[in-house]
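Q: Take this structure first; my questions come after.
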There are 2 protein chains.
Amino acid sequence: MTPPVFSHGSLRLYLLKLLDETPRHGYELIQALGDRFGGTYSPSAGTIYPRLAKLEEEGLVTKASDGRKTVYRITDAGRAELAARGDELGRVESEVTDSVRRLAHEVRSDVTTAMKSLKAELASAARDARESASRVPPVSSTTPDDRTTSRLALQDAELALNVFRHDTRAALRTHIGSGRSFTSAQLAELRIELERAATSIKRILTH
Amino acid sequence: MTPPVFSHGSLRLYLLKLLDETPRHGYELIQALGDRFGGTYSPSAGTIYPRLAKLEEEGLVTKASDGRKTVYRITDAGRAELAARGDELGRVESEVTDSVRRLAHEVRSDVTTAMKSLKAELASAARDARESASRVPPVSSTTPDDRTTSRLALQDAELALNVFRHDTRAALRTHIGSGRSFTSAQLAELRIELERAATSIKRILTH
DNA sequence: CCTCTCCTCGCGATATATCGCGTTGTGATT
DNA sequence: AATCACAACGCGATATATCGCGAGGAGAGG
């Protein structure tokens, strides 16, 4: 299927580099790798832990249990290995960046096809709704009263709220994930914006 | 957050039902639940395992280790509980189906907006590529300090988002609760307001 | 009755580890 | 030099478990 982001042995080297910066536990390494390469890609646990186990077996890192976590620390032998092959690091880095870029591209077309299947799904859902509408007879009248309309609209409103919250969160994460900073000044602006929206919505409700 | 698919205590009951059919291990239960409800939704491991632990503590199921797996089996006490509350099962099932349908709805609009943000992301990636072609590519664009403050600000932003959502929901409920109607016209205005806020916030993030 | 507190619950995020598939690199044999 | 078996590797899927948050429900106390 998709070609690996890290080529043969690259991950091993990169893990050593990360552990040379500071000791970390496994999950932290996964996040660190995700951070460095645009948030689009994160290596899976099934990639990291076997590699760490191997590195320990080879004596290049040590493992120390810290409560729920397992902290890995580079050894002298590990530093030696890193010194010997450190010149490969630059090449590895640009290779990975390239792979990630390609991956992002794939994700795009992926979403495009997802849209198509979703349209099909929606059509089937609509068919579903039509069917159940004809099978289940209307409860009382053809024109639903205000109360019912309100409740339906309320559900839609909550849905819209959820979507808004979700999208904004996603935007924030993407922003930070791509290496840009999110300042307290921007936070303040965001707060003001939310305040304004809240006020507007209250005005809408009272006419 | 998104309202839970299983309401209070429903999952507990449903797990008993599944274990009454046949003994299973935890991951198998997660998959079984995913299968029953359209594939869109699968309960997370963080939902299943604490519940199974609780059920075992209560003596309604027993745990047996089988290599890498942990097989759970219903006990007589568990079957008694199931017999006593089995009539709730039908209700639970339709509740869950409804929730899942709503979730699918959310996913739909999610993908639509994901398309937009992906286009933006690609544009920025292209910009990036052009830039890095002329300049020396920075390994990590943000200093650790910046990242830390960003993460803190991110937490504050999520809090603000939650407060906003909560307040708006409360306003809607109060409005309808006091006998006034919430029309689809007002819903449309609300949507526009949220859209406007979302746009503003994205503008804030890009300066 | 009403509300306030506390416990429970669902759930995403955090954390770790193994298995099997397909690919790639390597060394031995031809 | 060519090839061919075998090991090493990346990675998604499988498997388990804990933590903290926010919402729900039950029971106490007014």
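Q: Looking at (1) touching a strand residue (DSSP E or B) at 6+ places or on another chain (Cβ under 9 Å); (2) within 12 Å of DNA strand D (Cβ to nearest atom); (3) of a type in the set (S, T, Y), which one does B:T75 not meet, given that it meets all the others?
A: So B:T75 meets the others, but not (2).
Q: Now, a different point. List, please: which pairs have Cβ atoms under 6 Å, are six or more places apart or on different chains, and start with a residue in the stretch B:1-25 that is in contact (Cβ under 8 Å) with a residue 24 or more places away in the chain and end with one that is of a type in the set (F, W, Y) and assigned to a loop (DSSP other than H, G, I, E, B)?
A: B:V5/B:Y41
Q: Restricting to the stretch B:1-37, and then to whatever is near DNA strand C (Cβ under 6 Å from one of its atoms) and open to solvent by 50 Å² or more (accessible area, probe 1.4 Å), can you tell me which residue is nearest to the other protein chains (Cβ to nearest Cβ)? Spell out the reasoning first.
A: As a first pass, look at the stretch B:1-37 and keep what is near DNA strand C (Cβ under 6 Å from one of its atoms): B:4-6, B:8-12.
Filter again for open to solvent by 50 Å² or more (accessible area, probe 1.4 Å), leaving B:4, B:8, B:12.
On the way: B:P4: 13, B:H8: 19, B:R12: 26 Å.
Here the answer is B:P4.
Q: Where residues in the stretch B:38-86 are β-branched (V, I, T) and part of a helix (DSSP H, G or I), which of them is most open to solvent (accessible area, probe 1.4 Å)? Please lay out each step first, then the result.
A: The initial filter retains those residues of the stretch B:38-86 that are β-branched (V, I, T), namely B:40, B:47-48, B:61-62, B:70-71, B:74-75.
In the following step, the residues that additionally are part of a helix (DSSP H, G or I) were identified as B:47-48.
Numbers: B:T47: 53, B:I48: 0 Å².
Result: B:T47.
Q: Here are the criteria: (1) in contact with a helix residue (DSSP H, G or I) (Cβ under 9 Å, 6 or more places away or on another chain); (2) assigned to a helix (DSSP H, G or I). Tell me which single one B:G34 does not satisfy.
A: Just one mismatch for B:G34, condition (1).
The values are calculated or read from the model by the stated rules, or taken from the named source; none is laboratory data. Small disclaimer: the values here were computed from a predicted structure and weren't measured. Methodologically, a virtual Cβ is constructed for each residue, glycine included, from the backbone with ideal geometry; neighbour enumeration extends over all protein chains shown. Surface areas here come from the heavy atoms of the whole protein model, side chains and all, with no ligands, DNA or RNA. Shrake-Rupley method; radii C 1.70, N 1.55, O 1.52, S 1.80 Å.
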